[in-house]
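The values are calculated or read from the model by the stated rules, or taken from the named source; none is laboratory data. The model shown is predicted, which means the values in this text are computed figures rather than measured ones. Methodologically, a virtual Cβ is constructed for each residue, glycine included, from the backbone with ideal geometry; neighbour enumeration extends over all protein chains shown. Accessible surface areas use protein heavy atoms only, side chains included; no ligands, DNA or RNA. Shrake-Rupley method; radii C 1.70, N 1.55, O 1.52, S 1.80 Å.
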Amino acid sequence: MDTLVEILRPEFILRDALVGSVLVGAVCPLVGVYFVLRRMIFLGVALPQLSAAGIAFAFVAYRLVVGPHEHGNVNERSLAMAGAVAFTLGGILVLAALERGGRETVEARIGVTYAVAAALTVLFLVADPHGDAQMVNLLKGDILATTSASLGVLAWAFGAVVVVLFAFRKEFLLVSFDRDLAVVFRKRVGLWDLLLYLAIGVTISLGVMTAGPLVTFGFLVVPPLTARLVTRRMLSFSLTAAGLGATAAFAGFYCAYRFDLPLGPTEVALASLALGAVTSATMIGQWMASPRSAT
Amino acid sequence: MPNELIRLHDVSVGYEGRTVLNHLGFAVEEGEFLALLGPNGAGKTTLLRGLLGLLPVLGGRIEYHFDRAATPPGYVPQRETLDPIFPLTALEVVLMGTYARLRPLRHAGRRERTRAAECLGQVGLDAVAARPFWSLSGGQKQRVLIARALASEPRLLLLDEPTAGVDPGAAAVIMDVLFRLNRDQALTAVLVTHQIRLVRPLAQAVIWVDGGTAIKGPTAEMLAPERILDVFGAPATG
């Protein structure tokens, strides 16, 4: 209880990290809802990895174009953000274009994207002679290093994503559920897809920089999968997923701080625990309701 | 002369530059109940998708004598094309029909909800509004999709095999709903189907799709027993 009171105090030393963590936990599932509904869950693995490759590339490109740098001499977060957004958005757009015209399966394309992105991340890291532990932390996402300035950027960007997702939820639902109907209604299907991808790209890039690929992927898919089991409507699905993500992030932060555990894995483990519990409860409920259980 | 809603002028349609149907030249008239019939793989759905604007016209010209942006056709897809992973109630699915007239940033309000509920009533499904769409029977889902098409306030309904995969009783209910909409509201209906026996008493005209083209004619002539025997090798039983 003392720990809970401590982390809720305004002067708590890791307050920015706590707020950042909860923001990632709440907003990633809002975007992840569309990953689940569009059956693109594996894209949730590939895109954060692509984002990490973009961060590593940005530093190599800086060295090649501007010159050698020591960490701290350049605005690392801006550089990382540029690389992450460019790679994530580029990846989404290429995958979306291939989805329309390609002949391979979606899984194959996403698998190749993940493998290439993971390999490039390591190669870019090796190519940067100054790729030290600090750089590795940036790639992993060092949420405890969140500052007031980076939290401000995160809050504004995620705020914009949330506004877009709710303001245009009607359009995003229509193009995701029945694309043909959207075309018959003469809606700008490509434009809505692009806007959704933009929101996804920004969320993943910032999520990876703040919390790393593992946490970002975890929050993209686990809370929406849990919410899908207990909701019947689109709006409640999105809100429940965001609520579950935020709760798992807060509870994860508390456990990590209280028991000295690594933050990201603790958050994902707790979100997964909730998924396991809800899945079990649902299965038991279905079994109890089935005619066989009554005999 | 009845008003034409759509007129095809020597139209070719197909996929990715591959022509499936050629030399299409007929009209869909206001108030008509039209059945699109033909053997499997002949291109019935291709023609329907061409009329909907979902496939490019590879040759010729389609004239629409109504504003497709203001009054889009009511489209009823095959229910299997929709993914059951979406958590939607029957009413939410029908509400999507009202999106045709809603601009970005405007969300479905009381007027749209009332309209959606009325459309569910027209297909006899008022009672299932709050139920998850995917928990409904095949026939009920198909009727919800018809209600969704009605919610866009169309002048023309285009339906892709609305009775496929449903039991005979449910198929008869669906056909009865369509017949009443056509008779009572003069709503033009064009439906792809294999079930000749179901549409024979209802359709005023048939578009017969076969051999890379399609021709339109009165039902009695197009569904003459000798013609059916010639195409299917057996009398119509569907």
* Those residues of segment A:202-237 for which accessible area with every protein chain present is at least 50 Å² below the isolated value (1.4 Å probe) -> A:Arg228, A:Arg232, A:Arg233
* Asked: How many lysine pairs does the protein assembly as shown hold where the Cα atoms are under 29 Å apart and the two sit 8 or more places apart or on different chains?
  -> 6
* To do: Enter the buried accessible area of the A/B pair, total of both sides, probe 1.4 Å, in Å² rounded to the nearest 100.
  => 3000
* Over chain A, what is the mean sequence separation of C-alpha contacts under 8 Å (at least six apart), divided by residue count, expressed as relative contact order in percent? -> 31
* Structure fact -> Once B:Glu226 and B:Asp10 are pulled to full extension, the length gained, defined as 0.36 nm per residue separation minus their Cα-Cα distance, is 75.0 nm
* Hey, any idea what % of chain A's accessible area is carbon plus sulfur with a 1.4 Å probe? -> 68
* To do: Return P(r) of the protein assembly as shown (all Cα-Cα pairs; 10 Å bins starting at 0; whole %; ordered from short to long distances).
  => 4, 16, 23, 21, 16, 12, 7, 2, 0
* **Averaged over B:102-112, number of beta-carbon atoms from partner chains that fall within 10 Å** => 2
* Quick one: Debye curve from the alpha-carbon atoms of chain B only, equal weights, vacuum; give me log10 I(q)/I(0) at q = 0.13 Å⁻¹ to two decimals. => -0.80
* Calculate, in whole percent, how much of the Cα-Cα pair population of segment B:156-234 lies beyond 19 Å. => 39
* Beyond 29 Å, what percent of the Cα pairs of chain A remain? -> 38
* Asked: For segment B:40-104, what is the largest minus smallest coordinate of the Cα atoms on each principal axis, given in angstrom and ordered from greatest to least?
  -> 41, 33, 15
* To do: May I ask you to derive the FRET efficiency for B:Ala70 and B:Asp126 from their Cβ-Cβ distance with R0 = 22 Å, giving the value to the nearest 0.05?
  => 0.20
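Can you figure out the FRET efficiency of B:Thr19 with A:Glu107, using R₀ = 35 Å and their beta-carbon distance, to the nearest 0.05? If you can, show how the numbers build up before the last one.
Details: r = 32 Å, r/R0 = 0.92.
Efficiency computed from Cβ-Cβ geometry: 0.60.
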* Local electrostatic count at B:Leu202 - Lys and Arg +1, Asp and Glu -1, tallied over other residues with Cβ under 12 Å -> +2
* Let me have the 222 nm mean residue ellipticity of chain A computed from DSSP H runs of 4+ only, each contributing -39500 (n - 2.57), with the sum over all residues rounded to the nearest 500. => -28000 deg cm²/dmol
* Largest-first principal axis extents of the Cα set of segment B:31-159 (Å) -> 44, 33, 29
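Can you tell me the alpha carbon radius of gyration of segment B:81-121 divided by the globular rule-of-thumb value 2.2 N^0.38 Å?
That works out to 1.21 for segment B:81-121.
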* Asked: Does any residue of segment B:144-164 lose at least 30 Å² of accessible area with all protein chains in place compared with its chain alone, and if so which ones (probe 1.4 Å)?
  -> B:Arg148
* **Accessible area expressed per residue, segment B:155-210, with surrounding protein chains retained (probe 1.4 Å, Å²)** => 37
* **Accessible surface of chain B, 1.4 Å probe, proportion on carbon and sulfur as whole %** => 51
* Provide a whole-number value for the mean count of partner chain Cβ atoms within 10 Å of the Cβ atoms in peptide B:82-92. => 5
* Candidates A:Thr146, A:Thr282, A:Thr121: whichever shows maximal mean-square fluctuation once chain A is modelled as a Gaussian network with Cα springs under 10 Å -> A:Thr282
* Structure fact -> Length-normalised contact order of segment A:234-295, Cα under 8 Å, at least 6 apart, in percent, tallies to 24
* Hey, how much of the P(r) for segment A:23-93 falls beyond 15 Å, as a percent of Cα pairs? -> 61
* Taking a probe of 1.4 Å, how large is the accessible area per residue of segment A:192-275, in Å²? -> 36
* Asked: For the pair A:Asp260 and A:Arg232, what calculated FRET efficiency results from E = 1/(1 + (r/R0)^6), where r is the Cβ-Cβ distance and R0 = 60 Å, to the nearest 0.05?
  -> 0.90
* For segment A:176-295, what relative contact order do you get, as a whole percent, if you take Cα pairs closer than 8 Å and at least 6 residues apart? -> 21
